[in-house]
């Protein structure tokens, strides 16, 4: 067996506040990683942690995020998978990262998400819809619904995860 990692993130900001209010939970952003310390991790979110207006697929830089959001909290979870699943997921993440400027945050899809109507615009995702699509393509189903309707809440409620860290991003960065 192998493992992939998901980090559920609580960061400050207006957009995060709106999502938090909608989801009614602390963690409003999801990141997928290849290691428990989230050194190789990816998500759909801000291209630059300091600038909220430009979003898309990015490789996470924990230290840069810590500088932008010193009070950010993380919950890192471990999911079991086969070696082949992990290799396929990692290959997809790296491939998508090389093409990251061809993809964008699914802002247009947010009203459909709130309405519960599946909606997919080519190469446009939210943080949770992208990870759900990648995992689903590798036979890991987070929730029994279209990937465009998956939210951070579904990851939070996913029963087959093992919480391996919960605390401040500073603790995670300085621990590894």
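The values are calculated or read from the model by the stated rules, or taken from the named source; none is laboratory data. The model shown is predicted, which means the values in this text are computed figures rather than measured ones. For neighbour counting, all protein chains shown are included, and Cβ atoms are generated from backbone atoms with ideal geometry for every residue, glycine included.
Just checking: which of the helices (runs of 4 or more DSSP H) contained wholly in segment 81-141 hold 3 or more residues that are touching a helix residue (DSSP H, G or I) at 6+ places or on another chain (Cβ under 9 Å) and crowded, with 17+ Cβ neighbours inside 10 Å?
83-98, 127-136
Got at least one residue in segment 21-28 being in contact with a helix residue (DSSP H, G or I) (Cβ under 7 Å, 6 or more places away or on another chain), at pLDDT 85 or above, over 13 Å from residue 173 (Cα atoms) and outside any strand (DSSP E or B)?
Looking for residues that are in contact with a helix residue (DSSP H, G or I) (Cβ under 7 Å, 6 or more places away or on another chain), at pLDDT 85 or above, over 13 Å from residue 173 (Cα atoms) and outside any strand (DSSP E or B), one finds at least one in segment 21-28, hence yes.
Within segment 1-11, how many residues turn out to be part of a loop (DSSP other than H, G, I, E, B) and either at pLDDT 95 or above or over 16 Å from residue 127 (Cα atoms) (or both)?
Total meeting the criteria: 1.
Restricting attention to segment 158-176, report how many residues are modelled with pLDDT of 95 or more, outside any strand (DSSP E or B) and surrounded by fewer than 15 Cβ atoms within 10 Å (Cβ to Cβ).
2
Could you tell me which numbered condition residue 56 fails, if it satisfies all but one of (1) more than 22 Å from residue 153 (Cβ to Cβ); (2) in contact (Cβ under 8 Å) with a residue 60 or more places away in the chain; (3) not in a helix (DSSP H, G or I)?
Every listed condition holds for residue 56 apart from (2).
Do you know which residues across segment 64-80 are over 15 Å from the mean Cα position of the chain (by Cα) and crowded, with 16+ Cβ neighbours inside 10 Å?
66, 68, 69
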